[in-house]
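Colleague: Just passing along the structure, written as structure tokens.
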Amino acid sequence: MLPIYGADIVQNLPQSIDATTALLASEGYVADRALSTLTFLSLTLNRPIFLEGEAGVGKTELAKVIAQGLGRDLIRLQCYEGLDASSSVYEWNFASQMLAMRNGAEQSDLYSEKYLIKRALLQAVEPHASGAPVLLIDEIDRTDAPFEAFLLEALSDFQVTVPELGVIKAPEPPIVILTSNRTREVHDALKRRCLYHWVDYPGFEREMEILRARLPEVNDHLSREVVSFIQRLREEELFKRPGLAETLDWAKCLVALDVVALSPDVITDTIGAVLKYQDDIAKITGGPATRILEQIRQDMQAL
Amino acid sequence: MADAAGRLPDNIVYFVRALRRAGVPVGTAQVLEALRSVQLVGFTKRQDFHITLRAMIVTRPEHLLIFDQVFAMFWRDPDFLENMITNLLPVITAPPVEKPMKPAQNRAAEAMAAGGGKPRDAPPKEQLEMDAQFSHSDVEKLMQKDFEAMNAAEIRQAEQAIGNLRLDLPRLAGRRYQSAAQALRIDRRRTLQQARRSGGEILTLAKRRAKPRRLNLVVLCDISGSMTRYSRMMMHFVHSCAQARGSDWAEVHAFTFGTQLHNISPQLSIKDPDAALAAIGQHVHDWEGGTRISASLGVFNRDWARRVLSTPAVVLLISDGLERSGLAALEGEISRLALQARELIWLNPLLRWDQFSPQAAGIKAMLPHVSSLVACHNLDSLQDLSEHLNGRRSVDHKARLLRLLQ
């Protein structure tokens, strides 16, 4: 496998912030100025992006969109507690090695690439035909401090070490995106090596734009109602406030049910797409939902 | 770099200095990177400049507001900020940054005023001699004496004893492995290495087992008026647990509640127990006031539980449980807390009375949901906590009280 980096492939990186916004928009991702700037800087300076924020605000989506927009491979490492080198970097294929040894293979052959099972981090530092891949390290807060410390080396030098083979260094640094739901505070040492961005819930206008870009089949009146309702809901004291993913899910549900406008009954039937805790559902369904609906109707008429 | 951008690098350095004074930690490497990125983005739009600096410098959401305020002030008129920064500190600083200094300053001032005498908190030397004089029965008495009935000297000794208290804690099987002589799992990698040495024959199977891991500790301590006499001692206990982080516990998070919930974990990392307690005293404003157990637990469940209980944790609830209103809500919150904790242990000083019966409505509501109930009015009872954590219940207050309720 030879690295074939044509000049044209490397050149397809956006050259300005506006070009970055356009690139993301072409894949249906509506980014605000801050996120576009961050993405532009990350691509130009080869620094990882660290996205933190509530669940369902489009953190993971950014990685997918960048990979698609630039035509790069996407390598995803889903973090969990107890994640270690054998499930994140590499593992030796013990059974094949054993068989080879029984068949009298040369000792030096036992640790060749043939028996190496490559995991996400090793895949990310290998040459790729389409250019450096996008490495998504998802929900880093789910893993523990020792793994974070391990990542420090991998992310600052873009290299991993397999003791039997030596150091494997990326010919071109991958585009790295880390996400965290902040269920745990990630160590500053890791964040300092990244471009940090706190992803907040989108405002009304941007959420409308996103809904239009993602689900053009939803009529304008219904979108307006859905977005206003969700925006109001986020002001309530809830255990888990609905994210952008919930807005999109809900709109999809309503379209599937051929709903043209919200009504208290429709809300009660479909609230499960928006609120995911029993306490929250009990708090909102019935009176409060009707009240919020009346309020947004009044506001929309006032406009 | 300086030639290309004129005075900009200087200004960015000054800006970072202002930020540091406002309590945002910024490393030199970050400043260099920030200079590079500003050049890259160009200095045409104020908004882009703002976003670029912020992405390079801020690493925590709570610093975003400070950054924005300092940015707004500094790039309007740097000199103005230089002059104002000292006055502005209380407004824009995150409180924990400056506060730990205060007790030290006070103590230094006191030390000077006392004519070079020893600071108030330095451990008095004669204490050690007294310890040596203590007979076995004296120690026994101290262990069993109610904190409330102790005199100043005894309290001092009890505080020291708490400082040395080590709990015998259960360990969990982790998801990483270590090699072991006797275990069930085969260490394939080492087995292969050994087989290579013996010419491809597997003579022994190398074994490995799950590496034990420590639990997290979360403490919720009631500091309302009815707990006055115990809350100081409990703070010493919590501090001693927090100092054993890494050896006894994986991580320790602590909160106080009276009328409000306060996170005191940052203050607990101060080594000296008296300085730590002084810092907590400055951070927490509702000492010895009323109590709102249900509301405080509600805030904890909503804002903190997902952050501190995401890994297996023991929750210690230190409270007398004297809540009179909102019992349905209290029951809801305590059951939610119990569901998220690996174990919810209630430390209640009221158990010092043998005849104690759970008549208070708050206690009735909370009792069924906790995994065990332990007394905490003397040193002996704190030792009992070890037993409960290991599942040995010589004295089962919960079962006894539940029987009384029926």
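Colleague: Tell me, B:75, A:250 in order of fewest to most beta-carbon neighbours within 10 Å?
Modeller: B:75, A:250
Colleague: For segment B:340-406, treating each Cα as an identical point scatterer without solvent, what Debye log10 I(q)/I(0) comes out at q = 0.13, 0.26, 0.29 1/Å?
Modeller: Calculated log10 I(q)/I(0) at the listed q: -0.33, -1.31, -1.51.
Colleague: Using the 10 angstrom Cβ neighbour count as an exposure proxy, how do B:177, A:115 rank, fewest first?
Modeller: With the fewest neighbours first, B:177, A:115 line up as B:177, A:115.
Colleague: Give the cross-link partners of residue B:364 among the lysines, using a straight C-alpha distance below 23 Å as the criterion and excluding same-chain residues fewer than 8 apart.
Modeller: Partners within reach: B:398.
Colleague: How long are the three semi-axes of the equivalent ellipsoid of the protein assembly as shown, in whole Å, if each is the root of 5 times an eigenvalue of the C-alpha gyration tensor, listed from largest down?
Modeller: Numbers: eigenvalues 432, 269, 194 Å².
Calculated on Cα positions only, the semi-axes equal 46, 37, 31 Å.
Colleague: Right, here's the next one. Quick one: length gained pulling residue A:256 to residue A:18 fully straight, 0.36 nm per residue minus the C-alpha distance?
Modeller: Result: 82.1 nm gained on full extension.
Colleague: Please list, or write none, the aspartates and glutamates whose alpha carbon is within less than 18 Å of the alpha carbon of residue B:145, excluding same-chain residues fewer than 8 places away.
Modeller: Qualifying aspartates and glutamates at Cα under 18 Å: B:131, B:154, B:159, B:354, B:380, B:384.
Colleague: What FRET efficiency would be calculated for the residue pair residue A:164, residue B:8, taking the C-beta separation as r and a Förster radius of 51 Å, to the nearest 0.05?
Modeller: Efficiency for this residue pair is about 0.55.
Colleague: Now a separate question. How long are the three semi-axes of the equivalent ellipsoid for segment A:91-222, computed from the Cα gyration tensor as the root of 5 times each eigenvalue, in whole Å, largest first?
Modeller: 41, 20, 14
Colleague: For segment A:204-298, what ratio Rg/Rh do Cα atoms give with a Kirkwood hydrodynamic radius?
Modeller: On the way: Rg = 12.1 Å, Rh = 13.2 Å.
Ratio value, two decimals: 0.92.
Colleague: Please find, in a Gaussian network model of chain A (springs between Cα atoms separated by less than 10 Å), the residue of A:116, A:136, A:38 whose mean-square fluctuation is greatest.
Modeller: Result for chain A, Cα springs under 10 Å: A:116 fluctuates most.
Colleague: Taking Cα pairs under 8 Å and at least six residues apart, what relative contact order does chain A come out at, in percent?
Modeller: 21 percent
Colleague: Here is a follow-up. Over segment A:204-298, what relative contact order in percent results from Cα pairs under 8 Å that are six or more residues apart?
Modeller: 31 percent
Colleague: If we count other beta carbons within 10 Å of each Cβ, what is the order of B:143, B:233, fewest first?
Modeller: Placing the least packed residue first, the sequence is B:143, B:233.
Colleague: On to the next question. Just the projected area, averaged over all directions, of the convex hull on the alpha carbon atoms of chain A: how many nm²? If you can, show how the numbers build up before the last one.
Modeller: Numbers: hull surface 77.9 nm².
Result: a mean projected hull area of 19.5 nm².
Colleague: While we're looking at this one, here's another question. Considering only A:85, A:71, A:165, whose Cα is most displaced toward the positive end of the charge dipole of segment A:68-178, charges sitting on Cβ of Lys, Arg (+1) and Asp, Glu (-1)?
Modeller: Of the options given, the answer is A:71.
Colleague: Return an integer: the convex hull volume of the alpha-carbon atoms of segment B:172-213, in Å³ per residue.
Modeller: In segment B:172-213, the Cα convex hull volume per residue is 58 Å³.
Colleague: In square nanometres, what is the average projected area of the Cα convex hull of segment B:301-372?
Modeller: 4.8 nm²
Colleague: Shifting gears a bit: With charges only on Cβ, +1 for K and R and -1 for D and E, what is the dipole size of chain A about its Cα centre, in debye, rounded to 20?
Modeller: Charge dipole of chain A: 220 debye, to the nearest 20.
Colleague: Dipole of segment B:254-406, Cα-centred, from +1 at each Lys and Arg C-beta and -1 at each Asp and Glu C-beta, to the nearest 20 debye?
Modeller: For this selection, approximately 520 debye.
Colleague: Same structure again: For segment B:216-405, report the translational diffusion coefficient in µm²/s to the nearest whole number, using Stokes-Einstein at 37 °C, 0.692 mPa s, and a Kirkwood Rh over Cα pairs.
Modeller: For these conditions, the coefficient is 199 µm²/s.
Colleague: Then there is this: Starting from the Cα of residue B:353, step 7 Å along the direction of its Cβ; do the same at residue B:285; then give the gap between the two resulting points in nm.
Modeller: 3.5 nm
Colleague: Rg over Rh of segment A:95-158, using C-alpha atoms and the Kirkwood radius, what does it come to?
Modeller: For segment A:95-158, the value is 1.12.
Colleague: In debye to the nearest 20, how big a dipole does the protein assembly as shown give about its Cα centre with +1 on each Lys and Arg Cβ and -1 on each Asp and Glu Cβ?
Modeller: The calculation lands at about 1500 debye.
Colleague: Kindly provide log₁₀ I(q)/I(0) values, in the same order as q = 0.12, 0.16, 0.17, 0.24 Å⁻¹, from the Debye equation applied to equal alpha-carbon scatterers of segment B:188-293.
Modeller: -0.50, -0.70, -0.77, -1.21
Colleague: Between residue A:281 and residue A:209, what's the calculated FRET efficiency when r is the beta-carbon distance and R0 is 30 Å? Round to 0.05.
Modeller: Efficiency computed from Cβ-Cβ geometry: 0.60.
Colleague: For residue B:180, what residues show an amide H to amide H distance below 5 Å, using hydrogens built from the backbone and excluding near sequence neighbours?
Modeller: B:207, B:208, B:209
Colleague: For a Förster distance of 60 Å, can you work out the FRET efficiency between the beta-carbons of residue B:335 and residue A:106, rounded to the nearest 0.05? Present the calculation step by step, with values, prior to reporting the outcome.
Modeller: Working: r = 64 Å, r/R0 = 1.06.
According to the calculation, E is roughly 0.40.
Colleague: Now a separate question. Which lysines does residue A:191 reach when only Cα atoms under 24 Å apart count, and residues fewer than 8 places away in its own chain are ignored?
Modeller: Reachable lysines: A:59, A:64, A:169.
Colleague: Please compute the length gained on full extension between residue B:138 and residue B:405, using 0.36 nm multiplied by the number of residues separating them and subtracting their Cα-Cα distance.
Modeller: This chain segment gains 92.4 nm when fully extended.
Colleague: With only alpha-carbon pairs counted, each pair once and no self-pairs, how large is the Kirkwood hydrodynamic radius of segment A:32-164 in angstroms?
Modeller: Over segment A:32-164, the inverse of the mean reciprocal pair distance is 16.8 Å.
Colleague: Now for a different question. Hey, what number do you get for chain A at 222 nm if only DSSP H runs of n ≥ 4 count, each worth -39500 (n - 2.57), divided across all residues, to the nearest 500?
Modeller: One gets -14000 deg cm²/dmol as the mean residue ellipticity at 222 nm.
Taken together, the values in this text are just the output of simple stated rules run on the coordinates, not laboratory data. Computed from a predicted structure; not experimentally measured. We place every Cβ from the backbone using ideal geometry, glycine too, and count neighbours over all the protein chains shown.
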